[in-house]
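Everything below concerns the one structure shown next.
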Amino acid sequence: MATTPKEVENAIGLEEIHTEGQEPPKGQKMFTVEEAVETIGFGRFHILLFLIMGSTGVAEAMEIMLIAVVSPFIRCEWQLQDWQVALVTTMVFFGYMVFSIVLGLLADQYGRWKILLLSFLWAAYFSLLTSFAPSYIWFVFLRAMVGGGVSGHAQGLIIKTEFLPTKYRGYMLPLSQIFWLAGSLLIIGLASVVNPTIGWRWLIRVASIPGILLILVFKFILESARYNVSTGNTAAALATLQRIAKMNKAAMPEGVLRESPKERRGRFKDLFHPKYLRTTVQIWIIWLGIAFAYYGVILASTELLERDLVCGSVAAAVQGSSHDSEESRSPCHCRLFGPAAYQTMIISTVGEIALNPLNILGINFLGRRLSLSITMGCTALFFLLLNICTSSTGMIGFLFMLRALVSANFNTIYIYTAEVYPTTMRALGMGTSGSLCRVGAMVAPFIAQVLMNASFIGALCLFSSVCIICAISAVTLPIETKGRALQVCV
């Protein structure tokens, strides 16, 4: 007689109860999740996981980059001043900061898969509501809620990290940047068509579609076997590993899956354990600085395009001031993007993938710390080069290189953070780091959109100084994770 899925589930549950705490027979071989992951190796399962989890980057990029292509339109519609436009971005990252910690705690307690699904539902719901915002205040509030939902997408990276064999992490995780690039280019391309025709509200509705579609494929995602073992659910972890081995057409290790010591998960005090205290503080500094630089580049690009702040434009503006309309001379700077502006945004965004091959080589051969230190130092240099009086082509070239460098920075710190913390606190470590990251992102709009208009060189020097501090913090990190197995407990 065939066994129903419910009976199988009950049998697994009973087996888990009866075997919990029992020692295997003397002399029987045992293996860990780490050994199983390495033995099974890379295969079809990991390719499918890479495509599904990588696609979360498309949805995240579209939601985060949306403000950059919508800000000129809401500025005009609601007659906003500089600080009001900057506040929109700041509140998105405020929502991200608050929810990043909360969702990180919940993911360590209740699982990565559940929190990832919840975050997608949350972000899609509030993103659609944003398109109906009747006022500026409602728009700011709803985008903050979207930021809160998007913060949970980091669990996708954790799931990938916990399933990948050690030697593949340094190659596959940076390649995920392709999906972020695809999302960024998609939203810019859509904006160039949708904004001038049916308006920014429809752009937001269209941008929410990828996130909704991804929810439909969540049934193909497995909960992390490392997480299940850390909670004592060895039967579920074993079933997951066997399914992966079957998909990859590989053999499982001989013996019984070893249970890890049961420890409390997701405790803040573990981040400040003597073993991780210095690492935690320096990681937080780096995350804050990288986000400050990354979103500073994006928003500064928008300002440069929106106000045409390239060399010689000031003189041109003065000469043509008598012909300007009253609207163009208003403090709200109501000036919409044209085709050339969207084209420039696409070119600079493509820069995010330009250094990806070199970044992968650096991560795998120089190590995470040295590679990050070098790219952060180069980022500081190119921020200063933006002050050079140059043509529009030269400005685009500098922005292209800056986008490539800040993208490489994010690639490396994401990998390092996911590798350096043990399973019992990995999601919390990523969550708190993501929170500090959003502090930098919250400050960036006021530097790139407000201070830059008052003192161009002052804003650039500030961005450059922060990058130098991050470069020093990176090279002095106490732990190198290159070739290091993922830790289970503190």
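Here the condition is being more than 28 Å from S224 (Cβ to Cβ), surrounded by fewer than 22 Cβ atoms within 10 Å (Cβ to Cβ) and modelled with pLDDT of 80 or more; of L370, L405, it holds for L370 alone.
Which one of these is under 22 Å from N387 (Cα atoms), surrounded by fewer than 21 Cβ atoms within 10 Å (Cβ to Cβ) and in contact (Cβ under 8 Å) with a residue 12 or more places away in the chain: I479, I447, I472, I457?
Unique residue meeting the criteria: I457.
Scanning the stretch 215-233 for residues that are assigned to a helix (DSSP H, G or I) and open to solvent by 20 Å² or more (accessible area, probe 1.4 Å) yields I215, K219, F220. For the stretch 135-150, check the following and say yes or no: at least one residue is open to solvent by 10 Å² or more (accessible area, probe 1.4 Å) and not in a helix (DSSP H, G or I). Scanning the stretch 135-150 turns up at least one residue that is open to solvent by 10 Å² or more (accessible area, probe 1.4 Å) and not in a helix (DSSP H, G or I).
Of the residues making up the stretch 156-173, none is open to solvent by 10 Å² or more (accessible area, probe 1.4 Å), part of a helix (DSSP H, G or I), in contact (Cβ under 8 Å) with a residue 60 or more places away in the chain and more than 28 Å from N248 (Cα to Cα).
Every condition in (1) open to solvent by less than 60 Å² (accessible area, probe 1.4 Å); (2) at pLDDT 75 or above; (3) of a type outside the set (F, W, Y) is met by Q343 except one, and the failing one is (1). Among the residues of the stretch 38-55, some residue qualifies, meaning at least one is of a type in the set (A, V, I, L, M), more than 26 Å from G152 (Cβ to Cβ), open to solvent by 10 Å² or more (accessible area, probe 1.4 Å) and out of contact with any strand residue (DSSP E or B) (no Cβ under 9 Å at 6 or more places or on another chain). As for the stretch 174-191, it holds at least one residue that is surrounded by fewer than 23 Cβ atoms within 10 Å (Cβ to Cβ), over 25 Å from E38 (Cα atoms) and free of Cβ contacts under 8 Å to residues at least 60 places away in the same chain.
Is there a residue in the stretch 376-387 that is free of Cβ contacts under 8 Å to residues at least 12 places away in the same chain, in a helix (DSSP H, G or I), more than 27 Å from V281 (Cβ to Cβ) and open to solvent by 10 Å² or more (accessible area, probe 1.4 Å)? No, the stretch 376-387 has no match at all. Does A250 satisfy being crowded, with 18+ Cβ neighbours inside 10 Å, at negative phi and not β-branched (V, I, T)? Criteria not met by A250.
Examine the stretch 84-93 for a residue that is over 23 Å from E34 (Cα atoms) and in contact with a His (Cβ under 7 Å, 6 or more places away or on another chain), and state whether such a residue exists. Checked against the condition, which is being over 23 Å from E34 (Cα atoms) and in contact with a His (Cβ under 7 Å, 6 or more places away or on another chain), the stretch 84-93 yields no hits at all.
The values are calculated or read from the model by the stated rules, or taken from the named source; none is laboratory data. This one's a predicted model, so the numbers in the text were calculated from it and none came from an experiment. A quick note on method: Cβ atoms are made from the backbone with ideal geometry, for glycine too, and the neighbour counts reach across all protein chains shown. All accessible areas refer to the heavy atoms of the entire protein, side chains included, with ligands and DNA or RNA removed. Shrake-Rupley method; radii C 1.70, N 1.55, O 1.52, S 1.80 Å.
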